[in-house]
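The values are calculated or read from the model by the stated rules, or taken from the named source; none is laboratory data. Since this is a predicted model, take the numbers as computed values, not measurements. Glycine also receives a Cβ, built like all others from the backbone with ideal geometry; neighbour counts cover every protein chain displayed.
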Amino acid sequence: MEKFVPKFQGAPWPDGARVLHVYAVPDLGTDLDLARLVDECRAAMRPHPITPMDDGTLHCTLDMIADTTSDRITAEERADLVAALRDHLAGTRPFEVTAGSPIASRAGAFLDLSPDHALFDLRERVRDAIRRTRGPGALLHDGGRPHISLGYAWSDASSDALQSVFRRISPSHVPLRIRDVHLLDVRFQQHPRPGDETAWQLSWSPVAIIPLAHG
């Protein structure tokens, strides 16, 4: 693994900058099997140079509003985006996916999410809402396959060593219920680590929660 550096508009993230994101956020108070799996993964990551995500920042990225930083998006523009998300997610019901197995990667560690189809459909509905309010220029990042980040690497280390420990976690797959979508004001900031290293850490402020339809 290599030190993780977040990107914004194709360049390294400006330290401390805030950008609006749309996430699916797990509820560890309800999804107890997921909470257990995350705890076991954190124990496995402890000897490695990885900053683990805490319970309040675990997430699956759906997309980010990448045309500008959040400080330049007005309250009215945020309200328009929330309204568009509600419109485009109308009729989308909660659904279940499988979280796991845990994977050690170049950037740190994550939980794979499958099957893809419902998550990709949810992502595209979110993107339609962003296009409607911000234009296609606000969609600059390819989210790749859906996943939940477990932590970001702050130095170089062997991914194989961590993956070997992950392989011993059982069960390594748990159900995850996607119940809502969160619009968040996300900040990445560097923090000191041993040996004059720094680690990128994520925090956020909530903007809106859009429940998926029931019934």
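Only one of the numbered conditions (1) among the basic types (Lys, Arg); (2) closer than 30 Å to SER158 by Cα; (3) more than 19 Å from the chain's Cα centre (by Cα) is not met by LYS3, and that is (3). Screening segment 163-189 for residues that are in a strand (DSSP E or B) and of a type in the set (Lys, Arg) and picking the one that is farthest from LEU37 (Cα to Cα) gives ARG187.
Return the only residue of PRO115, PRO211 being surrounded by fewer than 13 Cβ atoms within 10 Å (Cβ to Cβ) and touching a residue at least 24 places away in the same chain (Cβ under 8 Å).
Testing whether each residue is surrounded by fewer than 13 Cβ atoms within 10 Å (Cβ to Cβ) and touching a residue at least 24 places away in the same chain (Cβ under 8 Å) leaves just PRO211.
The set of residues in segment 160-192 that are polar (S, T, N, Q) and closer than 14 Å to SER203 by Cβ comprises GLN189, GLN190.
Within the option set ASP87, ASP63, ASP67, being at pLDDT 95 or above and in a helix (DSSP H, G or I) holds for one residue only, ASP87.
A quick yes/no check of all residues on (1) within 24 Å of ILE65 (Cβ to Cβ); (2) outside any loop (DSSP other than H, G, I, E, B); (3) of a type in the set (Phe, Trp, Tyr); (4) in contact with a Pro (Cβ under 8 Å, 6 or more places away or on another chain):
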{"residue": "ARG125", "(1), (2), (3), (4)": "yes, yes, no, no"}
{"residue": "THR133", "(1), (2), (3), (4)": "yes, yes, no, no"}
{"residue": "GLY143", "(1), (2), (3), (4)": "yes, no, no, no"}
{"residue": "LEU150", "(1), (2), (3), (4)": "no, yes, no, yes"}
{"residue": "ALA161", "(1), (2), (3), (4)": "no, yes, no, no"}
{"residue": "HIS191", "(1), (2), (3), (4)": "no, yes, no, no"}
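Tally time: how many residues in segment 70-84 are part of a loop (DSSP other than H, G, I, E, B) and either of a type outside the set (S, T, N, Q) or surrounded by 13 or more Cβ atoms within 10 Å (Cβ to Cβ) (or both)? Residues meeting the conditions: 1. Please indicate, with yes or no, whether at least one residue in segment 77-99 is of a type outside the set (Val, Ile, Thr) and touching a Phe, Trp or Tyr at 6+ places or on another chain (Cβ under 9 Å). No, segment 77-99 contains no residue that is of a type outside the set (Val, Ile, Thr) and touching a Phe, Trp or Tyr at 6+ places or on another chain (Cβ under 9 Å). The combined condition, being over 25 Å from LYS7 (Cβ atoms) and of a type in the set (Val, Ile, Thr), is fulfilled by THR98. When segment 1-49 is filtered for residues that are touching a helix residue (DSSP H, G or I) at 6+ places or on another chain (Cβ under 8 Å) and under 19 Å from THR198 (Cβ atoms), the ones remaining, listed by number, are MET1, ARG18, MET45, HIS48. Among the residues in segment 162-179, are any under 28 Å from ILE73 (Cα atoms) and under 22 Å from the mean Cα position of the chain (by Cα)? Yes, there is a match, as at least one residue in segment 162-179 is under 28 Å from ILE73 (Cα atoms) and under 22 Å from the mean Cα position of the chain (by Cα). Residue pairs whose Cβ atoms lie under 7 Å apart, separated by 6 or more positions or on different chains, with the first residue in segment 47-65 and more than 13 Å from ALA24 (Cα to Cα) and free of Cβ contacts under 8 Å to residues at least 40 places away in the same chain and the second surrounded by fewer than 21 Cβ atoms within 10 Å (Cβ to Cβ) and not aliphatic (A, V, I, L, M), do not occur.
Summed over segment 20-60, residues that are in a helix (DSSP H, G or I) and in contact with a strand residue (DSSP E or B) (Cβ under 8 Å, 6 or more places away or on another chain) total 9.
Within segment 14-44, the residues that satisfy the criterion of being under 15 Å from ILE148 (Cβ atoms), surrounded by fewer than 21 Cβ atoms within 10 Å (Cβ to Cβ) and aliphatic (A, V, I, L, M) are VAL25, LEU28, ALA35.
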